[in-house]
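K.L.:
Okay, here's the structure, questions in a sec.
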Amino acid sequence: MTIAALADLRNARRLVIKVGSALLVQDGKPRTQWLVTLAAEIADMRRNTEIIVVSSGAIALGAAKLGLAKGGRGSLADAQASASVGQVELARLWSDALEAHTITAAQMLVTLGDLEDRRRYLNASATLARLLDAGAIPVVNENDSVATEEIRFGDNDRLAARIAQAAGADAVVLLSDVDGLFDRDPCEPDATLVPQVEGVTPEIIAMATGASTSGLGSGGMIAKLQAARIAERAGIALAIVNGTHPTPLARAIDNGTGTIFLPQANANARKAWLGGRLAPSGVVSIDRGCMMALENGASVLAAGIIDIEGEFGRGDLVAVHGPQGERLGQGLIEYTSAECRTIMGLREEQQADRLGYAPRAAVIHRDHMVRI
């Protein structure tokens with residue numbers, strides 16, 4: 001199914017809908033009536049489309065129950081405690097809302113590691129498929145009760161894109177508190193909504209701000225554009241629409257109000273997974289000659305490496321940067337960080353003397369790398 005406009009979302013085979021904290025929770029209390037209208041829309045769409053929900057709100061709900069300041073985000077311990085309490089309430093809200101339409105809700109909590117590790121990613125994919133086959137709607141959230149600041153998605157926008165990738169979805173809808181992407185701060189009187197985006201370019205990123213307008217969520221427009229990048233690489237459309245209104249999906253689709261990011265490529269499953277990974281273990285910086293070779297589909301060779309950052313082992317994910325620090329891609333490294341430092345800048349015939357064994361064909365092979 002090709003998704004080229006908001007109206008096409010009604011015909012998607014499989015759709016991921018992300019709901020933010022500010023939409024679901026107000027002053028520490030759930031917006032139950034709003035959720036009732038959304039659940040009705042989901043039930044209606046589900047006649048033709050398999051639905052997965054990615055829902056925020058656990059920390060906000062839990063913080064209110066525990067009486068914690070700053071919405072439960074005053075410290076990591078507060079956030080984890082709030083999530084532990086709030087996740088129970090969040091699951092109940094979704095279960096009740098969907099049960100009214102005789103739909104079974106399934107809670108699925110994931111961590112960054114569940115989608116960064118290839119085997120665990122495939123396991124999550126299988127679980128999603130089985131739940132959908134069984135007629136349930138998976139309600140997914142990051143497991144904030146155990147996530148740390150260093151090892152977490154940090155926002156459910158990118159999580160939604162990764163879940164869409166794992167589930168083989170056609171599209172993602174990010175319900176936000178704005179109508180979509182504007183060409184500048186939407187608070188400015190002459191700001192214009194961008195209805196369609198073909199590729200998240202530096203110019204598109206320049207339109208965004210990283211601030212969340214609600215103060216409840218952890219995302220913002222930058223996080224949504226990062227999610228769009230993950231989706232577009234996997235051949236998945238992504239839409240940003242305003243979710244603050246009752247029946248937000250019908251409003252956006254019928255009026256064409258929102259921004260849709262068109263898929264740019266349909267990489268094979270492994271490369272799409274690689275491109276969506278969010279936690280590189282280090283950085284390999286390359287010279288201009290190597291950067292130009294990458295443009296023609298070459299691998300990263302030791303001779304073109306000018307710097308190594310971080311500590312990593314063979315098979316770890318590393319980012320590839322150009323000579324000016326520009327991010328070019330990421331891939332699976334064939335050497336440890338110590339070995340990379342030993343052979344960087346050396347031609348193949350010089351590497352064996354330094355390594356004590358015959359060098360591999362590449363530091364990062366093109367088959368195990370994606371451009372960003």
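K.L.:
Could you count how many residues in segment 315-339 are part of a strand (DSSP E or B) and either in contact with a helix residue (DSSP H, G or I) (Cβ under 8 Å, 6 or more places away or on another chain) or of a type in the set (Val, Ile, Thr) (or both)?
P.N.:
So the answer is 8.
K.L.:
Kindly check whether there is at least one residue in segment 154-173 that is crowded, with 18+ Cβ neighbours inside 10 Å, closer than 23 Å to Met45 by Cα and either among the aromatic types (Phe, Trp, Tyr) or more than 16 Å from the chain's Cα centre (by Cα) (or both).
P.N.:
Checking segment 154-173: not a single residue is crowded, with 18+ Cβ neighbours inside 10 Å, closer than 23 Å to Met45 by Cα and either among the aromatic types (Phe, Trp, Tyr) or more than 16 Å from the chain's Cα centre (by Cα) (or both).
K.L.:
Checking the structure you have, find out if any residue of segment 23-32 is within 23 Å of the chain's Cα centre (by Cα) and either under 25 Å from Ala171 (Cβ atoms) or not assigned by TED's automatic domain parsing to the domain that holds Thr247 (or both).
P.N.:
yes
K.L.:
Please go through segment 340-372 and pick out each residue that is over 26 Å from the mean Cα position of the chain (by Cα), assigned to a helix (DSSP H, G or I) and under 30 Å from Ile230 (Cβ atoms).
P.N.:
Cys340
K.L.:
Hey, Leu238 hits all of (1) surrounded by fewer than 22 Cβ atoms within 10 Å (Cβ to Cβ); (2) at pLDDT 90 or above; (3) under 26 Å from Trp34 (Cα atoms); (4) of a type outside the set (Val, Ile, Thr) but one; which does it fall short on?
P.N.:
Result: Leu238 fails condition (1) only.
K.L.:
What single numbered condition from (1) at pLDDT 95 or above; (2) assigned to a helix (DSSP H, G or I); (3) hydrophobic (A, V, I, L, M, F, W, C); (4) over 19 Å from Pro30 (Cα atoms) fails to hold for Ala126?
P.N.:
That leaves (1) as the condition not met.
K.L.:
Next up: Pairs, please: C-beta under 6 Å, at least 6 apart or cross-chain, first residue assigned by TED's automatic domain parsing to the domain that holds Lys29 and at pLDDT 60 or above and in segment 195-222, second among the polar types (S, T, N, Q) and not in a helix (DSSP H, G or I)?
P.N.:
Gly199/Gln264; Gly220/Ser212; Met221/Thr209
K.L.:
Kindly check whether there is at least one residue in segment 325-335 that is assigned by TED's automatic domain parsing to the domain that holds Ile286 and loosely packed, with under 13 Cβ neighbours inside 10 Å.
P.N.:
yes
K.L.:
Whether any residue in segment 175-196 is closer than 17 Å to Leu278 by Cβ, under 17 Å from the mean Cα position of the chain (by Cα) and buried (at least 20 other Cβ atoms within 10 Å of the Cβ) is what I want to check.
P.N.:
So far as segment 175-196 goes, no, none of its residues is closer than 17 Å to Leu278 by Cβ, under 17 Å from the mean Cα position of the chain (by Cα) and buried (at least 20 other Cβ atoms within 10 Å of the Cβ).
K.L.:
Could I ask something else about it? Residue check: is Ala279 in contact (Cβ under 8 Å) with a residue 12 or more places away in the chain and not in a loop (DSSP other than H, G, I, E, B)?
P.N.:
no
K.L.:
Related question: Mind checking which helices (runs of 4 or more DSSP H) fall wholly inside segment 1-88 and carry at least 1 residues that are touching a residue at least 24 places away in the same chain (Cβ under 8 Å), touching a Leu at 6+ places or on another chain (Cβ under 8 Å) and surrounded by fewer than 20 Cβ atoms within 10 Å (Cβ to Cβ)?
P.N.:
32-45
K.L.:
Out of the residues in segment 294-306 meeting the condition of being surrounded by fewer than 18 Cβ atoms within 10 Å (Cβ to Cβ) and touching a helix residue (DSSP H, G or I) at 6+ places or on another chain (Cβ under 9 Å), tell me which one is modelled with the lowest pLDDT.
P.N.:
By that ranking, first place goes to Gly297.
The values are calculated or read from the model by the stated rules, or taken from the named source; none is laboratory data. From a predicted model like this one, the values you see are computed outputs, not experimental measurements. Glycine also receives a Cβ, built like all others from the backbone with ideal geometry; neighbour counts cover every protein chain displayed.
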